Every structure is written in C-alpha cells, then in structure tokens.
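The values are calculated or read from the model by the stated rules, or taken from the named source; none is laboratory data. This structure is a prediction, so every number in the text was calculated from the model and none was measured. Here the Cβ is made from the backbone with ideal geometry for all residues, glycine too, and neighbour counts use every protein chain on show.
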Amino acid sequence: MEDWSHCLDVAVQIALRAGQVVQSAVKQEKQVSSKSTPTDLVTETDHQVEELIISTLREKYPTHRFIGEESSAAGVKCELTDDPTWIIDPIDGTCNFVHSFPMVAVSIGFAVRKELELGVIYHCFDGTLYTARKGHGAFCNGVRLQVSKEKDVSKALILTEIGAKRDPATLDIFLGNMKKLLSAPTHGVRIIGSSTLALCHIASGAAEAYYQYGLHCWDIAAAAVIIREAGGHVMDTTGGPLDLMSRRVVAAGTREIADCVVKQLQPINYGRDDTDPDDLA
Ligand code: 2AM
Ligand code: CA
Ligand code: CA
Ligand code: CA
C-alpha cells in the first residue's frame, strides 16, 4: 500500500493558507455573483482560493489530476479516473461566507484508483482542522475523532442541507423528508449551510446522521474519509455503496441509524457530477 502521508502534510499546509485567505476576505467587501440560479452564489474569493490550492498542488504533484468546484463550473470536465486526483471545494458554505455566517470551510480530498485516501477540512471561522488518512484515523486539531455510537433513531440529531433547486415540487419532497425524520421521532433536524462541516459533526459525534441530495463530489470526498476513519458509515441514500458522482449521500455514526434514515427518504433527482455540472440538470 502506497504511503500518502506526504500528501496529507501538503494538503494541511495548503488548507491553512487557503483558510487565511478566506478569513481576511470575510472582513472585506465581497463581489458576489450567481451561477445556475439566483441562490447559487459565487464570489471572487471562491475562484482565488481554488486557484491557490490547485496551482500549489500542481507544482508539487505535476502528474496528479484535479477536480474543483469552480473549475468544473468554468467547464473543466469533472472526471474521476484511476489517477491520483485531488477533489477540492475552495469555499464550502459560500452563502454563509457572503453573510459572514460562521460556518465556512475549505475542503481538500484525495483519491487514488477511485478510492478516497485522505481528507482535510478547515473551518475558517474557528480555526478547527479536521484530517484523516485511510487506515490511520481521523483527527480534529490532532485529537482523535469518534462517531456517535447511538443506535436508537429517537435519540438522534439529524443534519441536512437545502439544495439549489427551490421549485415547489422539490421543496415539497425536501420538507416531506424533513417532516418524516422529525416525526420518526428524532431529537431534531439542523441545517448549518455547510455540507462539509455538517459531515465533520457526524465524524465528531456531535450529530448522529446526515443526508443530502444535490451535493457534489467536492462536498463529500474529504469528509467521507474523515467519517469512515472516525468509525462511521457513508453511503448512497438507498443504503447501497457511495457513488461520489451521484450527488446524494447518507452518513451516520451507526449502520442502525443510517438504515432508519434511508427508509424515510424520498429521492430528489439531480444530474450526475461527471455528466452534467449544471445544478439544475
Ligand atoms: P457550496 O457553498 O460549496 O456551494 C448549503 O448550501 C450547502 O450545500 C453548502 O455546503 C453548499 O456548498 C452545498 N451545495 C451547493 N450546491 C448544492 C446543491 N445543488 N444541492 C445541495 N447542496 C448544495
Ligand atoms: Ca457553490
Ligand atoms: Ca460545497
Ligand atoms: Ca464551494
């Protein structure tokens, strides 16, 4: 098995640098524009941070491939091959960033032969650093992470996110899923505006389960390694194996809670990451 620890060290350094750029940009006036819909926001900092991360990594690893949210939006093909591939979300929680709502992260994942090997997520507001390497555990600021061992869904806290689709039919399904989970019953459902940080909360045991439709491979790649290394489960919303490009996920501390969540969900259909980068596909 190849040792990718040097890649983890490099990713941590870059995530910290990227986080500094985000931190100083939060205080400045932001240039905000929208992509596929009026609620699908992007700022010049999203572009700047992605460029910083990819150019620094490319210099270190010229043969590696890169998938990044803003490059994909600009038309670079989102393709996961067997080659070592970095999967980057330069700012996760752009809408939060625009409002200075303190849930914003930089996410850097790395896959080889389509297997996720490592993940680094940096919480730009409180400076928390989540890291994991396959087979070597997950850590938060160097302290080992452990998922919740709760098996009873009636004692679970559930996290989700709202996708870019806001048409009435989609919102009905979204609210229907939430209603079913609230009345399962569970302790509650939370939406924090950052998929990667929500997933980190599953890894740390602060919540029992997470589900989402419409997210992208860059929302899940780093976090999936962190959750698995913290002892948790990451899967498709049907309960089958995770497909990074499928734009849907369930994550949970225990298989029992994951199965309960899976049973409640009605699907929301989005186009795949590798065939159609448009949120509204
Ligand atoms: P972003 O900030 O990197 O765009 C809340 O909006 C969370 O969902 C954020 O983590 C956001 O990532 C992510 N997200 C972005 N587009 C989405 C979509 N179409 N469906 C679901 N989640 C999305
Ligand atoms: Ca975005
Ligand atoms: Ca994201
Ligand atoms: Ca983003």
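Take segment 252-271 and flag every residue that is within 22 Å of Leu171 (Cβ to Cβ), modelled with pLDDT of 95 or more and in a loop (DSSP other than H, G, I, E, B). Matches in segment 252-271: Leu265, Gln266, Pro267, Ile268. One residue stands out among those in segment 74-100 that are within 12 Å of ligand 2 (Cβ to nearest atom), among the β-branched types (Val, Ile, Thr) and not in a strand (DSSP E or B): the one that is farthest from Gly214 (Cα to Cα), which is Val98.
Annotation note: Cβ proximity below 8 Å between a residue of segment 216-229 that is under 14 Å from His136 (Cβ atoms) and outside the structural domain of Thr85 (by TED's automatic domain parsing) and a residue that is among the charged types (D, E, K, R) and outside any helix (DSSP H, G or I) (sequence gap 6+ or interchain) occurs for Val225/Glu117; Val225/Arg133; Val225/Lys134; Arg228/Lys134; Glu229/Arg133; Glu229/Lys134. Among the conditions (1) surrounded by fewer than 24 Cβ atoms within 10 Å (Cβ to Cβ); (2) in contact (Cβ under 8 Å) with a residue 24 or more places away in the chain; (3) more than 16 Å from ligand 4 (Cβ to nearest atom); (4) part of a loop (DSSP other than H, G, I, E, B), Phe174 misses just one, which is (4).
Yes/no per residue for (1) surrounded by fewer than 23 Cβ atoms within 10 Å (Cβ to Cβ); (2) of a type in the set (A, V, I, L, M); (3) within 16 Å of ligand 1 (Cβ to nearest atom):
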| residue | (1), (2), (3) |
| --- | --- |
| Gly188 | yes, no, no |
| Arg228 | yes, no, no |
| His233 | yes, no, no |
| Met245 | yes, yes, yes |
| Gly253 | no, no, no |
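So for segment 74-95 (the condition being within 24 Å of Arg272 (Cβ to Cβ) and aromatic (Phe, Trp, Tyr)), does at least one residue qualify? Scanning segment 74-95 turns up at least one residue that is within 24 Å of Arg272 (Cβ to Cβ) and aromatic (Phe, Trp, Tyr). Would segment 193-203 turn up any residue that is surrounded by fewer than 22 Cβ atoms within 10 Å (Cβ to Cβ), in contact with an Asp or Glu (Cβ under 8 Å, 6 or more places away or on another chain) and not assigned by TED's automatic domain parsing to the domain that holds Ser72? Yes, segment 193-203 contains at least one residue that is surrounded by fewer than 22 Cβ atoms within 10 Å (Cβ to Cβ), in contact with an Asp or Glu (Cβ under 8 Å, 6 or more places away or on another chain) and not assigned by TED's automatic domain parsing to the domain that holds Ser72. I'm trying to understand the selection: among the residues of segment 126-155, which are in a loop (DSSP other than H, G, I, E, B), among the small types (Gly, Ala, Ser) and without any contact (Cβ under 8 Å) to a residue 40 or more places away in the chain? Gly142, the sole residue that qualifies. One residue stands out in segment 31-73 among those that are assigned to a helix (DSSP H, G or I) and of a type in the set (Lys, Arg): the one that is farthest from ligand 4 (Cβ to nearest atom), namely Lys60.
Here is the figure for segment 200-243: residues that are more than 16 Å from ligand 2 (Cβ to nearest atom) and assigned to a helix (DSSP H, G or I) total 11. Among the residues of segment 85-101, those identified as more than 14 Å from ligand 3 (Cβ to nearest atom) and over 15 Å from Trp218 (Cα atoms) are His99, Ser100, Phe101.
Restricting attention to segment 181-202, does a residue exist that is free of Cβ contacts under 8 Å to residues at least 24 places away in the same chain and under 30 Å from Ile54 (Cβ atoms)? Among the residues of segment 181-202, not one is free of Cβ contacts under 8 Å to residues at least 24 places away in the same chain and under 30 Å from Ile54 (Cβ atoms), which makes the answer no. I'd like to know if segment 133-142 contains one or more residues that are charged (D, E, K, R), modelled with pLDDT of 95 or more and under 25 Å from Ala11 (Cα atoms). There is at least one residue in segment 133-142 that is charged (D, E, K, R), modelled with pLDDT of 95 or more and under 25 Å from Ala11 (Cα atoms).
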